[in-house]
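These notes are about the structure you will find just below.
The numbers here are math on the coordinates, done by the rules we state, and not lab data. None of these values were measured; they are calculated from a predicted model. As a convention, Cβ positions derive from the backbone with ideal geometry for all residues, glycine included, and neighbour counts pool all protein chains shown.
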Amino acid sequence: MQCTVITTSKSSGVGEGLTYEVSGQKVCAGMSVSVPLRKSIVEGIVMEVHADQKIEYDIKSVHEVFGDDRLLSGAQLSVTRSIAEYYCTSLSAALRVFLPPSPWRNLLPHMIRAYRLGKNVVVRGTKRQLVVDELTGHDAVPETALRRNTGVTRKTLEALVTSGALEAIDAPEFSPDKSDPLLLSSVSLSPAQRSVSDAIASSKLPSLLFGITGSGKTEVYAELLRQTIRNGKSAIILVPEIFLSEQTIRIFRSVLNPESIAVIHSKLTPSVRKSEWRRIRFGGIRLVIGSRSALFSPVQNLGLIILDEEHEWTYKNEQTPKYHARTVAEMLCAATGAKLVLGSATPSIESWHMVKNGSYTLARLPDRHSGMPLPKVSVVDLATVKFGPSYPFSRTLLTAIEHRLKRKEQTVLFLNRRGLATALLCLTCRKKILSPDSAQPLTVHAGQGRSYLQDHTTGRIMDMPARCPSCNGTDLRSIGAGTERIETLLKTHFPTARVLRADADTLLKPDDIRDVLSAMEERRADILLGTQCVIKGLDLPGVTLAAVLVADVGLSLPHFRAGERIFDLVTQLIGRSGRAVPGEVIIQTFRPESSEIKRAVFHQTEAYLDDESALRRTAGYPPFSAMIRVLYRGNEASLRAKAFRDALLALPDAPKNKISASPTLSGGGKEWHVLLRGQTPRTLLTKTDLQGGIVDIDPIECL
């Protein structure tokens, strides 16, 4: 018998796996093994076990099989192959998204020391009694958990063993406690929510849950989760950012036993992530909540995948493999038979297209769950406003904030820029100070008594220059407004207001997120100012005013998705206000007549989706065509990109596709991409040499 093994080696020559002989050992696909590779013994995962094939060279044998458990299921291995094929990457790269860093054998469960009540359970002393109380009603409790919950030392536990009060045993590391019920409470649904839930559950196709902000999509998710758990299956619920996971976690912990829930996101340390992976695989976890990487959790008996806020671009991975969570979720559901649900108040054009062509079913929630109407929306034309030092605050917005403060109501302010100012401008040559790494304007920040510049594309931090690098001028001025400057202006205009700022500079760990939410919910803050995280899915009943300070940020980009992004942001912001009492929204913009702004202001989401789809169809952009880009970085990136473009143009199928080569927006000339767009771009890749290029299928950040 032979098997194909993907090893821990990152050598490109073994990325598709190597064949090994198996003799005298039980091996299944998904198991962890060690194998000889060159002059070393390395770890690997068995991708496939197959009958002996006649091979002209000598085949080495598997060195060792670790444990009896599979780390990856057959469905996950199938999806690994699908990811590698669809995203033009190696099996090795596709496999790594499913596993924590090696050594993989350490992921397997083992026996641990545990304690149970003995025959002589008469004890003296408060701490010893705590131990007895903790063990009562349980077969056995692991030593680590027992010491953590009671605060006793190992010496105390051993003394209790000697007295006969406890018995020490070797127990399996993972033995889920079934004493508590999995489902804790029912879900109260309105007739509309019940109808939608039933319709989604009855369809085997993926479902798009299109519900306006505040319509109660989360309650529908909770009911679908209850049905899934009741049927003996498990679920994965994805949110686009860790900031959104906090409220989601709270809701589902009221429905499902918290011990059966795991949370996965990018802020976890490597050791915690590995611990959670093992708990999900072997510890009886029934629900995983998290950002896109949670999709690769080793959930057993998967029955449901939910992508909340499915329109968000953060579901696209920018590292290799450059997958999109929606596409991989479709693969997982096809492999496991699980139900896929995508929810949004502003569906992506791609998902809307899938509804129109019959690939997805559509479920609508057109009204707010609370019965409250959508807030009144007014537009301020910034071109007519005389700002002075208060930019970007119009008098209309300042007055509205003042009224909320007097009524002890809350305000949410959105600005798609962090920092003190958006750029540093030389007034002599009228050029912005650019990053040498990305060729993008550097953002001005203030910290530790000094100002500094930061490139938010690469993370590079630089000192404030004394002179302009272009003309050597000394008249440098901070222009625009970032969240830091807005915070300063708010404190100047409203010195008694309690202001919270939420952006990538202030939300550094999960505790920061919880603190912000608690402060708003408990009315310990008056104004929440932030970037995109403040407009995504937050349900804050005290907010009666929401405002976007400059709605045009990004609208001028030469990007076919720019309008869709602005529409999503404005529509999502509108949904933050007036959840419990009538609310108001103010949109400040230099382009009040743009279709994105007008459609959002009048709550015309379906009309916008249809309009944008028609434009994409006419122009031949996704989802009405396929798009691929191949990135080139480093030395001679432009020459290599142009050579690749020329090779593509020489192919017979080239006329069916549009092919171009150009520097990327964030590359500053150091990064170039070749963009392929048309009906058959994938066929061109199979006929060219991709060495040195990074393939991005269905790119998000492209011109």
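What to note about this one:
- Averaging the Cα positions of each part gives two centres, and for the range 605-671 and the range 289-322 these lie 26 Å apart.
- Among Ala29, Val79, Tyr57 - extreme Cα towards positive end, dipole of the range 18-79, charges at beta-carbon: Tyr57
- Cα-based reach from Lys406 at 16 Å (exclusive), listing aspartates and glutamates while leaving out same-chain residues under 8 positions away: Asp526, Glu584
- Inter-site label distance for Leu205 and Thr136 at 7 Å from Cα along Cβ, in nm: 5.7
- Our note on the geometry: Cα centres of the range 62-122 and the range 330-381, 34 Å apart.
- Full extension of the chain between Lys54 and Lys119 gives 17.1 nm of extra length, using 0.36 nm per residue less the Cα-Cα distance.
- Gained length - His110 relative to Ser275, 0.36 nm times residue gap less alpha-carbon distance: 58.1 nm
- Estimated from the Cβ-Cβ distance and a Förster radius of 60 angstrom, the FRET efficiency linking Lys155 and Leu649 is about 0.20.
- The slack between Thr144 and Ser662, meaning 0.36 nm per residue of separation minus the straight C-alpha distance, is 180.8 nm.
- Amide N proximity, the range 599-630 versus Gln679 label position 7 Å along Cα-to-Cβ, cut-off under 16 Å: 617-627
- For the range 85-212, size of Cβ-based charge dipole, Lys and Arg +1, Asp and Glu -1, in debye: 380
- Neighbour net charge for Gly17 - beta-carbon separation under 15 angstrom, K R +1, D E -1: -1
- For Lys408, the lysines whose Cα comes closer than 28 Å to its Cα, not counting residues fewer than 8 places off in the same chain, are Lys376, Lys491, Lys536.
- Whole-angstrom gap from the range 480-530 to the range 672-703, using each part's C-alpha centre: 42
- Among Ser90, Asn106, Leu166 - extreme Cα towards positive end, dipole of the range 82-215, charges at beta-carbon: Leu166
- The chain: C-alpha gyration tensor shape, a/c 1.5 cut-off, then a/b vs b/c: oblate
- Only one residue of Leu184, Gly211, Asn149 has its Cα farthest out toward the positive end of the dipole of the range 128-264, where Lys and Arg carry +1 and Asp and Glu -1 on Cβ, and that residue is Gly211.
- Dipole magnitude of the chain, debye to nearest 20 (Cβ charges: Lys/Arg +1, Asp/Glu -1, about Cα centre): 980
- Three-way shape label, the range 1-105, alpha-carbon gyration tensor, a/c 1.5: rounded
- In a DSSP loop and with at most 14 other Cβ atoms within 10 Å, the trypsin sites (Lys or Arg not before Pro) in the range 630-701 are Lys687.
- The packing ranking of peptides 102-109, 229-236, highest mean first, is 229-236, 102-109, where packing means the average number of other beta carbon atoms within 10 angstrom of each residue.
- Exceeding the 25 Å Cα-Cα cut-off - candidates Lys204/Lys322; Lys10/Lys658; Lys274/Lys316; Lys155/Lys274: Lys204/Lys322; Lys10/Lys658; Lys155/Lys274
- In straight-distance terms, cross-link reach from Lys656 covers every one of the lysines whose alpha-carbon lies under 22 Å from its own, apart from those fewer than eight places away in the same chain; here that gives Lys642, Lys687.
- Pair Ser185, Asp475: separation of 7 Å Cα→Cβ label points (nm): 6.4
- Antiparallel DSSP beta bridges within the chain, as percent of all bridges there, nearest 5: 55
- Exposure proxy shown here: for His559, His311, the number of other Cβ atoms within 10 Å sets the order, fewest to most, as His559, His311.
- Overall form of the range 214-317 per C-alpha gyration tensor (a/c, 1.5; a/b vs b/c): oblate
- The 3J(HN,Hα) values that the Karplus relation (6.51, -1.76, 1.60; θ = phi - 60°) gives for the range 90-107 are, in residue order, 7, 4, 4, 5, 5, 5, 5, 6, 8, 10, x, x, 5, x, 6, 4, 6, 6 Hz. Gly and Pro appear as x.
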